[in-house]
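All of the numbers you see were taken from the coordinates with simple rules; none came from a lab. Just so it is clear, the model here is predicted, and its values are computed rather than measured. Cβ sites come from the backbone with ideal geometry, for glycine too, and all protein chains shown count toward neighbours.
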Amino acid sequence: MPSTRAKCSSAVDKIKLMLEIVATTKMTHSCRTDPAPKGNSVSDVRVQPANEESLKVVSDNVCTICFKTDSKDALFKLCSGCQGKMYCSKECQARDWPEHKSRCGQNDRRKRHKKLVYTLLSNTDLRIFLQVAIILSLDLLHKNWDEHFYVMVGLGVEPRNILDFARLRGDLEATNAAVEKKMKGMIQINGVFGPPWPLLDERERRLTLEIPKQEREQIRALVLPKTPVGLVNFSMGDTGEAKEEAHLNFVNVVRIPTVLDPLAILIAHKAPPFTRTVLATGTSRPVPMTVASCLEYINTTIRLDKDNLLSLHADVKPEDKRLIRASAAPIRDDKDSLDLGFLRLKIENENVYKVLGGLTDILL
């Protein structure tokens, strides 16, 4: 009879094999979203990394402390340590420093975050289906389009190798060297949610929901009436585990005013199903168009981009690993960050993670 060690090894090998199989999941749709020549798809076209000038970003000229907006009477300056907080005076910066000092010094992470956001949105296909997810999440088809919408998009960076993801979570045993090694990663969208966001403090709420009204009104003046205009907040925080803080780290939020594309509205209205295919087995089945399936379409498209044609690969940083590890821990409603909640929901919804939940039907 096989030994216990042999049985365990066989079980682990089976899980590894199933993970590698399910990582070949591909979502397809029948909607034409790209201007490429007939016969090509957006995924076949190399996308150049975008820069800040390629997209209009909300003006940062709003004081973090007193909420004074840009004017001749105020000389606005960014925090030199993180480039993420704006102050109208030295007095306001001094007032904020006791709280901000634990979050400062994250300039490199913010730059990486912004670059990934711009590059993601420069891809027509991915941008359209992110907008479809936003429309479905906020039920915008049944809302007054004269009103602005607000939405939080939780982003993360995961290892491109699904086995590394499982090792970080503890679903597969691994040595310290295996989990601490440098890992090649990719951007992923973990969740899309509208307000209220219960873990936002008053200052963050005002910065997120109230301050950018001027920018949204400027966009509204440039578009046709009854055109949906809103503010999309791209968040890439960590668990705040080291500092035991539940709030999102707003140094790592990129706020972008957005005009919904008519094609995204049309697709959301018709809501044709996706086809989910596991390439390793050739098995397929239809999947209804929902917020989760739209995000799964985006995420599997990025996962299968082995040659980085979409320019959305990124190294996995320690804070990314910390978030993934925390996703396997017990839920702490009063401590867990929104970003951690986004990731847990993604793991619950997407086919590629079904094996981690002990499910053997990889097409559920």
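Shape analysis of the stretch 292-336 yields a ratio of the Cα radius of gyration to the Kirkwood radius, Rg/Rh, of 1.09. For ALA280 and HIS142, a Förster radius of 30 Å and the Cβ-Cβ distance give a FRET efficiency of 0.15, rounded to the nearest 0.05. Seen from THR275, the other residues with C-beta closer than 10 Å to its C-beta sum to a net charge of +3, counting Lys and Arg as +1 and Asp and Glu as -1.
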